[in-house]
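The values are calculated or read from the model by the stated rules, or taken from the named source; none is laboratory data. In this text, all values refer to a predicted model and were calculated from it rather than measured experimentally. Backbone-built Cβ (ideal geometry, glycine too); neighbour counts: all protein chains shown.
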Amino acid sequence: MIDLTKITGRDYAYIRLYENRVVIKNPKTNDSVEKKALLPFSSSRLLLADFIVAENLIREILPEIYEKKLISKPLAVLFQPMEKTEGGLSRVEKASFNDLAVQIGGRFAKIEEDKRELSNQEVIDYFG
């Protein structure tokens, strides 16, 4: 079986989540957009408490990074929760991030729990 991603390449979305704020970066172009949510998606306990609000915010940002074109290549999404991770993420929280990746068009999803900002090459290398 041929892996089409080797032929067509991939688009990458490096998404750092803060309380009611998202920073999305395309590590191939170094384009980055940061937006604060108009409606909160975080609660006092959870970074991703309102899935729909977070999804809508990310969907609003993605076209700004990908020059308003449809993402035609498989999208590899790396989520990096930057707050509210004390004690590590639960399975439910990890499943929520994976579901969110699918909802925004991701085919591949990873979660980085380290809070150090990754370089563009580190993000790309994350997916092998």
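Summary table
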| read-out | value |
| --- | --- |
| Test for Lys28: is it over 12 Å from the mean Cα position of the chain (by Cα), at pLDDT below 95, surrounded by fewer than 21 Cβ atoms within 10 Å (Cβ to Cβ) and not small (Gly, Ala, Ser) | yes |
| Check on Lys35, within 18 Å of Tyr12 (Cα to Cα), basic (Lys, Arg), in contact (Cβ under 8 Å) with a residue 12 or more places away in the chain and part of a strand (DSSP E or B) | no |
| Leading residue by the ranking (nearest to Val77 (Cα to Cα)) among those in the stretch 50-65 that are in a helix (DSSP H, G or I) and among the acidic types (Asp, Glu) | Glu55 |
| Residues that are of a type in the set (D, E, K, R), surrounded by 15 or more Cβ atoms within 10 Å (Cβ to Cβ) and closer than 20 Å to Ala95 by Cβ, drawn from the stretch 31-68 | Asp50, Glu55 |
| Any hit, the stretch 71-89, residues being at pLDDT below 95, within 13 Å of Tyr14 (Cβ to Cβ) and part of a helix (DSSP H, G or I) | no |
| Pairs, first at negative phi and surrounded by 16 or more Cβ atoms within 10 Å (Cβ to Cβ) in the stretch 77-106, second of a type in the set (Ser, Thr, Tyr) and outside any strand (DSSP E or B), C-beta under 6 Å, six or more apart | Leu78/Tyr126 |
